[in-house]
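Any read-out appearing in this document is the output of simple, stated calculations on the displayed coordinates, not a laboratory observation. Fair warning: this is a prediction, and the values are worked out from it, not measured in the lab. Cβ coordinates were reconstructed from backbone atoms using ideal geometry, including for glycine residues, and neighbour counts include every protein chain displayed.
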Amino acid sequence: MIGVFDSGLGGLTVVRRLRERLPNADIIFLADQKNVPYGDRSNEELASLLESHVGWLDEQNVDAIVMGCNTSCAIADSFGWPKARAEIFDLLDAATVAVQRAHARRIGVVATAATVRSGAYGRRISNAVHDAEVWEVAAPALVPLVEAGKIDAPETRDAVATACAQLPPDLDAVVLGCTHYPILDRHFAAVLGENVLRIDPALVQSGRAAERLLQDGSVDESGRTTYVTNGEVQRFRENIITLMREADPHVVGIHKESVV
Ligand code: DGL
């Protein structure tokens, strides 16, 4: 079984990529909606949430943890990963590989305020691509809009345009550096135009995880996805039906304590 966690609905974009690669794997997705949005939280809070959720997934006996949250990966980049039995697949590593594969040099990163504050994306990409120029911009309005289900609202389209307006022209690629943003990909596409490659790190990340897990033979299971939230179960369920196009998803509510 594969474990995924995020603050909320963004992790579904990672689950979707994994499902494309591994139709028979069992997946457990934890959405920490009690604490969403992560992007506005302190480093200490984020480190504590990361440790708690990695520990919880480990307790579910997962074979791998495929990170559904860039903000948590950025925190781990600065403060280290918590100890885990399961191997962890990082989104920042995956994004860096995607940038290298695309031969991109002028790179924009749109992410949460906490991710941008960490500078982790800039560090990772510059270490891997020595002549890279990286611009990181925060888009704090986007996660609450996605969580509220306002995917197609004019205010959401405007918020994407406002974030992208902070980027310089003539970029080769823009990393969607928060897993909520691929849900808004059509708005990014409209604003950035067809000459700018949009990178969803989950694409490379799911490929790497699938390769490893298929080698280990640990993913020939029932193909079931369990969606767990510590927030509002009914609304979570409705969002999953819409975003994952599953008629009757297996949704579980838990009372996972807020650790902050
Ligand atoms: N989806 C998460 C990320 O990839 C966290 C967003 C948030 O809660 O602010 O960064």
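Structure summary
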| item | result |
| --- | --- |
| Partners for Lys256 among lysines (Cα-Cα distance below 25 Å; same-chain residues under 8 apart left out) | Lys34, Lys83 |
| Trypsin sites (Lys or Arg not before Pro) lying in DSSP loop within the range 185-236, provided at most 13 other Cβ fall within 10 Å | Arg224 |
| Gaussian network model of the chain, springs between alpha carbon atoms under 10 Å - residue of Ser72, Ser206, Ser118 with greatest fluctuation | Ser118 |
| Structure-based [θ]222 nm, the chain - -39500 (n - 2.57) summed over DSSP H runs of at least 4, per residue, nearest 500 | -13500 deg cm²/dmol |
| Most fluctuating residue given options Ala86, Ala247, Ala139, as computed from a GNM of the chain linking Cα atoms under 10 Å | Ala247 |
| 3J(HN,Hα) from dihedral phi, the range 146-163, Karplus parametrisation 6.51/-1.76/1.60, rounded to Hz, x for glycine, proline | 5, 4, 7, x, 8, 5, 9, 5, x, 5, 6, 4, 5, 5, 5, 4, 4, 5 |
| Angle in degrees between helix 233-244 and the longest Cα principal axis of the chain, rounded to the nearest 10 | 60 degrees |
